[in-house]
1. Tally Lys/Arg at +1 and Asp/Glu at -1 over every other residue whose Cβ is under 9 Å from the Cβ of Leu298; what's the total?
2. Which one of Ile16, Ala99, Ala38 is farthest out on the positive end of the charge dipole of the chain, using unit charges on Cβ (Lys, Arg +1; Asp, Glu -1) and the Cα centre as origin?
3. For the residue pair Ile204 and Ala254, what label-to-label distance in nm results when each label sits 7 Å from Cα along the Cα-to-beta-carbon direction?
4. ³J(HN,Hα) across region 339-349 via Karplus (A = 6.51, B = -1.76, C = 1.60, θ = phi - 60°), whole Hz, x for Gly/Pro?
5. Does anyone have the angle between helix 189-212 and the longest principal axis of the chain? Alpha-carbon axes, 0 to 90°, nearest 10?
6. Can you find, among Gly114, Cys72, Pro87, the residue farthest towards the positive end of the dipole of region 59-154? Put +1 on the C-beta of Lys and Arg, -1 on that of Asp and Glu.
7. Expressed in nm², what is the orientationally averaged projection area of the convex hull enclosing the Cα positions of the chain?
8. Using the Karplus curve 6.51 cos²θ - 1.76 cosθ + 1.60 with θ = phi - 60°, what ³J(HN,Hα) values do you get for each residue of region 6-11, in whole Hz, with x for Gly and Pro?
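The numbers here are math on the coordinates, done by the rules we state, and not lab data. Note that the structure is predicted; figures quoted are calculated from it, not measured. Ideal geometry is used to build each Cβ from the backbone, glycine not excepted, and the neighbour counts take in all protein chains shown.
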Amino acid sequence: MSPWKAARTGDAVTAIDTPALVLDLDAFERNLQRMAQALAGSDVRLRPHAKSHKCPEIARRQMAHGAVGICCQKVSEAAVFVEAGIPDVLVTNQVVGDAKVRRLAELARRARIGVLADDAAQVRAYAAAARATGVELDVYVEVDVGAGRCGVAPGEEAARLAAQVADSAALRFAGLQCYHGPAQHLRRPEERRAAIAAAARRAIATRDGILARGIPVPRITGAGTGTFVHERDSGVFDELQAGSYVFMDADYGANETGSGEVAFEHALFVRTAVLSHTTPARAVVDAGLKASSVDSGLPRVWQRPGLRYVKAADEHGTLAVDEGTPIALGDALHLVPGHCDPTVNLYDELVCIRGDVVEDVWPIEARGALL
């Protein structure tokens with residue numbers, strides 16, 4: 001943790017030290033409202049993914065806009081949100097290892113806790129920990145609907161695993177996890193629509209196989225910021241896990257917005273400053289790899305035509321400067337990170353601005369929660 005704060009409440013935006021993670025509250029609040037409006041009048045509920053922000057204050061604001069709970073990716077991450085009073089948390093991951101499974105079960109003493117399974121050994125471990133702790137866990141069978149990562153094959157394999165969960169008195173079979181991650185970043189709307197239509201068909205086949213065994217399927221959950229309107233309209237999904245919509249990033253911003261899709265605004269920025277400008281065509285800023293994730297591409301300079309972020313080193317970011325573009329030592333710029341989730345995990349705090357003033361500073365309490 002830094003010995004200094006990048007900013008304090010009431011500071012002018014111009015006084016924010018760099019690099020800093022900055023949240024434009026006006027854009028953020030419009031994004032919250034747009035998601036709420038997109039689901040208004042439907043029977044589809046929102047369980048946003050908190051791995052995007054790792055910030056309990058944002059989770060509380062999402063729930064104030066209608067979310068039923070949140071998703072987390074790790075048990076330690078879930079623990080932060082349970083401690084902050086979030087009452088319903090789904091760990092959208094398989095949990096393996098006695099210590100982790102025990103901690104997961106212990107969280108269920110204080111909140112409703114869900115977890116994913118794609119193997120019989122996981123189900124046995126969850127059941128044993130739940131019995132020992134005296135709690136019930138919600139268990140979702142994860143189905144590989146096209147992502148090619150975790151998840152059992154659609155159909156009979158998933159149905160057998162669902163039956164194992166349903167047969168355990170310490171577990172509740174909560175439904176199916178059917179998330180298609182790669183579909184979020186297909187650039188063309190028709191590509192995303194086709195990918196989710198295929199995912200929905202796999203989800204239906206799996207659901208019907210489980211129902212044929214006499215086992216209810218309470219919920220089919222999944223979706224992300226890039227595709228959620230297609231899951232919403234599928235008639236199959238009844239819960240959405242979009243998370244990045246609160247921030248947006250350069251990678252999501254590269255998606256084409258199709259008819260009926262929702263355009264969210266960039267609300268998350270890395271504030272940086274020029275520390276070197278030795279040639280007219282190049283400037284260097286103080287935000288490099290340790291300030292912005294580049295796994296999904298380099299950051300984009302926000303609203304400064306003629307400047308392009310072209311190279312990242314540990315502590316330096318190199319900008320290409322077009323001829324005639326004004327720039328000077330100390331100039332402050334905002335960068336749109338390529339990928340918001342790992343960028344957030346680099347910071348202890350979100351500096352929340354409204355107009356020209358720092359309105360608040362929110363701790364990113366689940367930063368580094370990797371267990």
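1. Values: positive: Arg300, Arg308, Lys311; negative: none.
Charge balance near Leu298 sits at +3.
2. Toward the positive end, the furthest listed residue is Ala99.
3. Calculated label separation equals 3.3 nm.
4. Running phi through 6.51 cos²θ - 1.76 cosθ + 1.60 with θ = phi - 60° gives 9, 5, 4, x, 5, 4, 5, 8, 10, 8, 9 Hz.
5. 20 degrees
6. Pro87
7. On the way: hull surface 75.3 nm².
Mean orientational projected area (the chain, Cα hull): 18.8 nm².
8. With the stated coefficients, region 6-11 comes to 5, 6, 10, 3, x, 5 Hz.
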